[in-house]
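Rule-based calculations on the coordinates, nothing more; no lab input. What you see is a predicted model; the values in this text were computed from it and never measured. With ideal geometry, Cβ positions are generated from the backbone for all residues, glycine too; neighbour counts draw on all protein chains shown.
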């Protein structure tokens, strides 16, 4: 009995050391690690770890958000710790807004455009072409009849007056005036004046013939 009592007195002195569960972040996920409270100093280089408060420290990242992560990913809260009260934001129901009623579609009356009849094209009036005036060929100058110099009148031969018996004989022969005229003229019809007149007629006929030929050539 004395031995059992000794064991009972020494049991509190040999109680297990205080341990703590650390919620460790390895870079991609959360992991629960249990440590002696005396070995927490090695986690100072892990800034994302969540450590509850102990008798040796005040904890690390132990906030309302840290507690929620701790409970969700690693372990329950230590005794005496409580979760923060999560206040759900009130659900705000937006008022129902009735869209405005579309105004009725107003159909514009169809206005028929008046048919515009284009004016008839006026006929093209071509001015009359003036007839080309063809000037008739100039008539060649009329050939003037050669001027025939006037021939001096032939001198009438003077018959010497008969004297004496010759004059009486002539008187006695009787009056034959025609004969006497012809006889007196003698070769008057063959005188130079008559020959000159015949030459003038021939020259005038030749001039008329030349003019007619010239007119015929111009008309052809």
Over all pairs of distinct alpha carbons, what does the Kirkwood formula give as the hydrodynamic radius of region 27-86, in Å? 12.2
Pop a pseudo-label 7 angstrom from the Cα along the beta-carbon direction at both residue 56 and residue 72 and give the gap in nm to one decimal. 3.0
What FRET efficiency comes out for residue 86 versus residue 26 if R0 is 25 angstrom and r is the Cβ-Cβ distance? Round to the nearest 0.05. 0.40
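Given the Cα-Cα distance of residue 122 and residue 18 and 0.36 nm per residue of separation, how much length would full extension add, in nm?
Values: separation 104, 0.36 × 104 = 37.44 nm, distance 12.24 nm.
Taking residue 122 through residue 18 to full extension adds about 25.2 nm, to one decimal.
What percent does the relative contact order of region 12-73 come to when contacts are Cα pairs within less than 8 Å and at least six residues apart?
Details: 77 pairs, mean separation 17.8, N = 62.
Taking the mean separation of contacting Cα pairs over the length of region 12-73, I get 29 percent.
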Please give the peptides 46-59, 73-86 ranked by average Cβ packing (other Cβ atoms within 10 Å per residue), highest first, as a rough proxy for protection. 46-59, 73-86
